[in-house]
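Colleague: Starting off with a structure, shown below.
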Amino acid sequence: MERITTAIIGGGASGLFLATALSADGKTRLFERGERLGRKLSATGNGQGNITNLAVTSARYFSIEASGAKRASEIVRRYDGEALRTYFAALGVVLSADERGRVYPASKQASAITDALRFCVENRGVDVRLSTLVTALEQAQGGFILTVKSADGESERIFAKRVVLCAGGKAAKNFGTDGSAYALATGLGHSVTPLYPSLVQLKTDTTYTKTLKGIRVNDGKLTVIISGGERVEFTGDVIFTDYGISGDAVFRASAFIAEQIPSGKVSATLDFLPNVTEADVLSALRQKQAAFPKLPKSELLFGIVNNQVGRAVMKRAEGDLQRAAALVKAFPLELKGSLGFDYAQVTKGGIPLSETTEDLESRFAKGLYFTGEILDVDGQCGGFNLQWAYSSAMLVADALNNER
């Protein structure tokens, strides 16, 4: 049986970060089930590569387990956004931030990030096995035995002293993250929290929005009210669809409410004009009605909001001007669910951090480590999840390097 020192399972962001940071010894092997490394990474930020955020140390991270979010934030503060930017600068990648603090490669190509990591992995002599699926993981004396299956259907067993699970979660299975990797951990005594799709489009009741399909509300303010009274607000694009809503503000909101949506304990409203008061909208409506008495009420909101939006608002308000002004500022959206894991960017939930040590090593199987999305940690939209991939990978890399 072949013996190696470290097996990295998963060639996504955290697996690549880890492979570039481990001490080179010629006995590290990375197993990736897909045909290419970093497929999901190459699609991040709508293909532009949003890898971190200038506000990452004050960002909110989430966890199903109460203590997980605090611990994740502490890890991110230790290996922060500045460290990540320095890391890429050393690889020759020029980065720039936009007005919201989102950090991208200057080329605005996510593939540039993937290429930099891939070149670094190759340069360090890491043995990469593509189209290779790890189907089983067993504890053995002094390490682990992996059963791996190659594209030609052949299986072999390999001994590894240490194993790092970097195989992602359940979101976007078209990139190979279908949730099957959790079984490798549960087979060694770990549990998995309930899983929810996050950073995803939301389904709503479309009774009053059927005519708005394809309309984009630029810089709308989406307010979500969570059971218990917590309110969170997001300003950004909201796009009406045949199933509900999409857009930047929607993706950011979904991170806060993913686990509440199935229970129906969350509601939302959309402010079409965040910088205009309800009183000003009502005043404009009354002035317009006085100036154009023959104008149908359905058209009174023209010049104030998008014409189609105006008609939908007036229909819902049944022609009442005061109610219409209120709806412009707080248009109710009854949330019905999300488009699910196939369309989600991130998985909420995973292997509890309480089942790992300070170095993200398994408490049940010494020598088994975890990084990235497979853990019960997810972040806000805007580069925070790739930051977690980096921070968790660097923590594990330091632990493994110090172990030598």
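Please treat every number below as a calculation from the coordinates, not as lab data. None of the values given here were measured: they were computed from a predicted structure. Positions of Cβ are generated from backbone atoms using ideal geometry, with glycine treated the same way; all protein chains shown enter the neighbour counts.
Colleague: Round to the nearest 0.05 the FRET efficiency obtained for A89 and N46 when R0 = 25 Å and r is the Cβ-Cβ distance.
Modeller: In this case the efficiency is close to 0.60.
Colleague: Can I ask one more? Between K315 and R60, what length in nm is gained on full extension when 0.36 nm per residue of separation is reduced by their alpha carbon distance?
Modeller: 87.9 nm
Colleague: Between I245, A291, N174, whose Cα lies farthest towards the positive end of the dipole of region 170-299 when Lys and Arg beta carbons carry +1 and Asp and Glu beta carbons carry -1, centred on the Cα centre?
Modeller: Checked the options; the winner is A291.
Colleague: Label L130 and I215 with points 7 Å out from Cα along Cα→Cβ: what is the distance between them in nm?
Modeller: Each label point lies 7 Å from its Cα, and together they span 4.6 nm.
Colleague: Restrict the search to region 62-169; then list the GluC sites (Glu not before Pro) that DSSP places in a loop and that have at most 12 other Cβ atoms within 10 Å of their Cβ.
Modeller: Answer in residue order: E99, E154.
Colleague: Would you kindly give the portion of the calculated P(r) for the chain that falls above 42 Å, as a percent of all Cα pairs?
Modeller: Of all Cα-Cα distances in the chain, 22 percent exceed 42 Å.
Colleague: Label T277 and I226 with points 7 Å out from Cα along Cα→Cβ: what is the distance between them in nm?
Modeller: Placing both labels 7 Å beyond Cα along the Cβ direction yields 3.2 nm.
Colleague: Right, next: Name the trypsin sites (Lys or Arg not before Pro) in region 154-243 that are in a loop by DSSP and that have at most 13 other C-beta atoms within 10 Å, would you?
Modeller: Sparse-neighbourhood loop trypsin sites (Lys or Arg not before Pro): K213.
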